[in-house]
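**Q** Please see the structure below; I have some questions.
The values are calculated or read from the model by the stated rules, or taken from the named source; none is laboratory data. Model, not experiment: these values are computed from the prediction. Heads up, the Cβs are rebuilt from the backbone with ideal geometry, glycines too, and the neighbour counts pull from every protein chain shown. Heavy atoms of the whole protein, side chains included, go into the accessibility calculation; ligands, DNA and RNA do not. Shrake-Rupley method; radii C 1.70, N 1.55, O 1.52, S 1.80 Å.
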Amino acid sequence: MARKAASGSGTIRKKTVTRNGKEYTYWEARFTVGYDPGSGKQIQKSITGKTQKEVSQKLKTMTTEVDEGIYNEPSKLTVAQWMGIWTSEYLVSQKYGTVRHYKAQVNNHIIPALGAKKLTALTPHDIQCFYNMLLREGHTVKRKDENDKKVVKKVPLSEKSVRNIHGILTKSLSQAVKNGYIRTNPAAAAELPKKKKTEITPLSDEQVKQYIIQAGADGYGDLLKVILFTGLRENEALGLTWDCVDFKNGKLYIKKQLLKRNISEGGFTFAPLKNDKVRTLCPAPFIMDILKNVREKQIRARLHAGEIWQGWQNDEQRAKWYVFATDLGQHLSPQTVYLHHKKIAAAAGAPNARLHDLRHTYAVLSLQNGDDIKTVQNALGHATAAFTLDVYGHVSEKMQKDSADRMQQYYTSIKQA
């Protein structure tokens, strides 16, 4: 009676096939992974390669895994199929904005370039070529030229964007490794572009002065001045409610932000802060005065609007309503806020200033006026002081001069002693 082959054993043989009248030779190995419990027949798998040595090495790896009980059936999923599963099932602990960003990068970049490949066939070289392509060509943008004709243009991605896509791809493939779909993460061997530090562009003292003047005549000026002199993110300022304003103690409690979602997902909604870092601010007294003025104007607007007011209907609701709202009590539109900022910035001599540059301006002004890094970190809501130092640790011209003056005073005092 013939003896059964042990699980994990295998055989190698040379095979020849004819295609279009031409012979091709390759090597095949077959190995046993177990036995069917019903029929008792062997369950065999095969692997192929161009040379006997290549197949022999693969067979050795497979049979070792079978012997040690760690063998997994190679996945038949494509990269596109796995990315769809990963974004749908494995991001449940992530915030809405993070999931939306991940899905956008997957659909716009990863799937178009790598989606058709089998997950098990994805190599480090494939991924390296993908990153290099993003740096060269990036993505396709459709625009209109000066003659209003549609123009298709290739726009390279920045080093930061490529590193961001690498992070997403690495996470997804790491999960595939945990699931046993692939043995190793091919993204781990990629050579990434160097991280370039983005130069921040805060407003100058003169631009700040002009910005304040121009904001005073704008209906959105109060909001923009609060952002400029507190360092709040735009969504944090839009999500500020009256129960987070403590006039008695002169404090602001930053607990949430207002984010835009698709209408089908609820539209605008309150969401946790970035980094989940709830913080308490002690702004300058003039900021609290601005907020008192905003509250008075809101009460007058509520009385004037009457029944069409879409906000609070009683004192309890009013205490938790938006600090910055329209004349009808609705939340402000981020796009409208942006347009008002651009108009004010242009009039202040800073036409290229982004809304986020107001936050940068606050940080630089704080450091120039003697605030330490830890204080600035708390005000901005950064996760660590190291991050704040990395972004704002450069010494401005004014800070250099102040440092030189202090050293001169010290030297003079020592010399005169």
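**Q** So if we plug the beta-carbon distance of residue 282 and residue 61 into 1/(1 + (r/R0)^6) with R0 = 60 Å, what FRET efficiency do we get, rounded to 0.05?
**A** Efficiency computed from Cβ-Cβ geometry: 0.45.
**Q** When only Cα pairs under 8 Å and 6 or more residues apart are kept, what is the percent relative contact order across the stretch 215-300?
**A** Reported as a whole number, the value is 25 percent.
**Q** To the nearest 500 deg cm²/dmol, what mean residue ellipticity at 222 nm is calculated for the chain from DSSP H runs of n ≥ 4 alone, each contributing -39,500 (n - 2.57), summed and divided by the residues?
**A** Helix-only estimate at 222 nm: -14000 deg cm²/dmol.
**Q** For residue 88, what accessible area in Å² do you get when you roll a 1.4 Å probe over the heavy atoms of the protein chains, rounding to the nearest 10?
**A** Roll a 1.4 Å probe over it and residue 88 shows about 80 Å².
**Q** So what are the ³J(HN,Hα) numbers for the stretch 240-247, from phi and the Karplus equation (6.51, -1.76, 1.60; θ = phi - 60°), rounded to whole Hz, Gly and Pro as x?
**A** Listing the rounded values in order: 6, 10, 5, 6, 9, 10, 10, 5 Hz.
**Q** Over the stretch 68-130, give the accessible area per residue in Å² for a 1.4 Å probe, as an integer.
**A** Per-residue accessible area for the stretch 68-130 comes out at 55 Å².
**Q** Within the accessible area of the chain, what % is carbon and sulfur when the probe is 1.4 Å and the other protein chains stay in place?
**A** C and S atoms contribute 51 percent here.
**Q** Per residue of the stretch 29-42, in order, report the coupling 6.51 cos²θ - 1.76 cosθ + 1.60 (Karplus, θ = phi - 60°) as ³J(HN,Hα) in whole Hz, putting x for Gly and Pro.
**A** 10, 10, 9, 8, 9, x, 9, 5, x, x, 8, x, 6, 5
**Q** Could I ask something else about it? Tell me, what is the FRET efficiency for residue 183 and residue 342 to the nearest 0.05, using R0 = 51 angstrom and their Cβ-Cβ distance as r?
**A** 0.45
**Q** Continuing with the same structure: Convert 4 °C to kelvin, take the viscosity as 1.567 mPa s, use the Kirkwood radius over C-alpha pairs of the chain as Rh, and evaluate the Stokes-Einstein diffusion coefficient in µm²/s, rounded to a whole number.
**A** 48
**Q** Send over a whole-number figure in Å² for the accessible area per residue of the stretch 269-417, probe 1.4 Å.
**A** Roughly 61 Å² per residue, with all protein chains present.
**Q** Going through the stretch 56-137, which trypsin sites (Lys or Arg not before Pro) have at most 15 other Cβ atoms within 10 Å and a DSSP loop state?
**A** Sites meeting the loop and neighbour criteria: 76, 95, 117.
**Q** For each pair in 171/194; 197/374; 45/118; 118/150; 50/76; 194/374, compute the distance between the two Cα atoms and list the pairs where it is over 25 Å.
**A** Where the Cα-Cα span goes over 25 Å, the pairs concerned are 118/150; 194/374.
**Q** Using Cα pairs closer than 8 Å and at least 6 residues apart in sequence, work out the relative contact order for the chain, in percent.
**A** 10
**Q** Using a 1.4 Å probe, what is the accessible area per residue for the stretch 207-247, in Å²?
**A** 30
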